[in-house]
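Report on the following structure.
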């Protein structure tokens, strides 16, 4: 018997807005990668997928500006002040595990200072000025452990 559609869901896969959220997230990642590149970072990888099932995840941007290697999580937010609280402990652990797996497959980067950054893009018209919105970068946003 077919399921009743029920009330609309919220979250990343909800209804008609899911495609728009994916596009908005991809655009935010592109804008953040461009911002890093313009600041002298080398973009090594984007949208790196790892794991399976519940442990699956994705690292949005991996960038290097010697001696630093940054694993960057990107969030599209309506308010820039929401950025420090954008990740749960579980999300952080998944990113850390993904970073460890990526480093294991890329041993050519010895002596690199690894850090975890958080970036957000606030859309235009949200009190940010500018036609592209505002990019906020929190270097070394958290430490593993």
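The values are calculated or read from the model by the stated rules, or taken from the named source; none is laboratory data. Given the structure is predicted, the values throughout are model-derived calculations rather than measurements. Note that each Cβ is placed from the backbone with ideal geometry, even for glycine, and that neighbours are counted across all protein chains shown.
For residue 67, indicate whether it is at pLDDT 90 or above, exposed (fewer than 15 other Cβ atoms within 10 Å of the Cβ) and farther than 13 Å from residue 28 by Cβ.
On the way: at pLDDT 90 or above: yes; exposed (fewer than 15 other Cβ atoms within 10 Å of the Cβ): yes; farther than 13 Å from residue 28 by Cβ: yes.
Answer is yes for this residue.
Scan 125, 40 and give me the residue that is in a loop (DSSP other than H, G, I, E, B), at pLDDT below 90 and either out of contact with any strand residue (DSSP E or B) (no Cβ under 6 Å at 6 or more places or on another chain) or over 24 Å from residue 21 (Cβ atoms) (or both). First the steps, then the outcome.
Numbers: 40 fails: at pLDDT below 90.
Step by step, each of 125, 40 is checked, and only 125 is in a loop (DSSP other than H, G, I, E, B), at pLDDT below 90 and either out of contact with any strand residue (DSSP E or B) (no Cβ under 6 Å at 6 or more places or on another chain) or over 24 Å from residue 21 (Cβ atoms) (or both).
Tell me yes or no: at least one residue of region 23-34 is surrounded by 14 or more Cβ atoms within 10 Å (Cβ to Cβ) and modelled with pLDDT of 95 or more.
Among the residues of region 23-34, at least one is surrounded by 14 or more Cβ atoms within 10 Å (Cβ to Cβ) and modelled with pLDDT of 95 or more, which makes the answer yes.
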